[in-house]
1. Over 16 Å from the mean Cα position of the chain (by Cα), surrounded by fewer than 18 Cβ atoms within 10 Å (Cβ to Cβ) and more than 23 Å from Ile5 (Cβ to Cβ): which single residue out of Arg175, Arg192, Arg232 fits that description?
2. Please tell me if Val179 is assigned to a loop (DSSP other than H, G, I, E, B), among the β-branched types (Val, Ile, Thr) and either in contact with a strand residue (DSSP E or B) (Cβ under 8 Å, 6 or more places away or on another chain) or in contact (Cβ under 8 Å) with a residue 24 or more places away in the chain (or both).
3. Filtering region 73-118 down to residues that are at pLDDT 95 or above and aromatic (Phe, Trp, Tyr), which residue is farthest from the chain's Cα centre (by Cα)?
4. Specify the residue that is farthest from the chain's Cα centre (by Cα); the eligible residues are those in region 153-162 that are surrounded by fewer than 20 Cβ atoms within 10 Å (Cβ to Cβ) and either at pLDDT 95 or above or assigned to a helix (DSSP H, G or I) (or both).
5. Going by the structure shown, is Val208 more than 16 Å from the chain's Cα centre (by Cα), at pLDDT 95 or above, surrounded by 14 or more Cβ atoms within 10 Å (Cβ to Cβ) and farther than 26 Å from Leu61 by Cα?
6. Going by the conditions given, is Val185 at pLDDT 95 or above, in contact with a helix residue (DSSP H, G or I) (Cβ under 7 Å, 6 or more places away or on another chain) and more than 15 Å from Thr19 (Cβ to Cβ)?
7. Mind counting the residues in region 224-243 that are part of a loop (DSSP other than H, G, I, E, B), of a type in the set (S, T, N, Q) and touching a residue at least 60 places away in the same chain (Cβ under 8 Å)?
8. Under 7 Å by Cβ, and 6 or more places apart or on different chains, what pairs join a residue from region 143-168 that is touching a residue at least 60 places away in the same chain (Cβ under 8 Å) and under 21 Å from Ser43 (Cα atoms) with one that is of a type in the set (Gly, Ala, Ser) and part of a helix (DSSP H, G or I)?
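The values are calculated or read from the model by the stated rules, or taken from the named source; none is laboratory data. All values derive from a computational prediction rather than experimental measurement. No Cβ is skipped: glycine too gets one built from the backbone with ideal geometry, and neighbour counts run over all protein chains shown.
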Amino acid sequence: MAKIIAVHSFRGGTGKSNTTANLAAAIALSGKRVAVIDTDIQSPGIHVLFGLEPDRLKYTLNHYLWGNCEIASAAYDVTPTEIKQANGTMFLIPSSTEISSITRILQEGYDVRLLKNGFSDLMQTLKLDYLFIDTHPGLNEETLLCIAISNMLVVILRPDRQDFQGTAVLVDLARRLKVPNLLMVVNRILQRTDLAALKQQVESTYEVAVAGLFPNSDEMMQLASSDLFYLRHPNHPLSQEMQKVAQQVMV
């Protein structure tokens, strides 16, 4: 049975989608079958990291939620060459970027229970080892469902006071939903930060293990979401931290 990992942040702009895509790539590079599903239907974007152009998208998650296709029909093979050579596979289930589709979702909504059924069908049809869920920031019905059915929740936050306060609410909610495993990643850490002190502060505040401390990276900014950082800069300190988190996800 595949392992479901939800990657979430209380606020936007934390690097959640980049983290999701790169962790998925790190695990796929170990020869696993991995899918990423973009449930940030209101503001989709993770497809950009995989070079998947909107005009290639015959079906998206939106079409599945409206009953127009099976969810596997919205799964695109986005396996990079390096991962193919390692006998791994990556799929992406994107959300629609069309204004009309986003507006329809906002106006009409959808039955969120379809998401749970879709996840199960996807794991079985694609014979997945791991399913990563890139969530919408904050808290809404679909996010609560994604967290509740996950085997692991990876919470992304920045060393920022607003992030700290909002994340406390999120962690408490995850405990109430009885998520089996909870990890934290602190992203965009400035140089000269006392990493040991920061790690201790976060772990003592939330009583959750910090799986990774991601340094702020000029190279990441230069990529501008045009590629997967982990594959382009495998020896970078940021990639090494990503690998640490990937190993803990696979435990």
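1. Every option except Arg192 fails the conditions.
2. So Val179 passes the test.
3. Tyr76
4. Arg161
5. yes
6. Considered against the rule, which asks whether it is at pLDDT 95 or above, in contact with a helix residue (DSSP H, G or I) (Cβ under 7 Å, 6 or more places away or on another chain) and more than 15 Å from Thr19 (Cβ to Cβ), Val185 comes out as no.
7. Result for region 224-243: 2.
8. Ile147/Ala174; Leu153/Ala174
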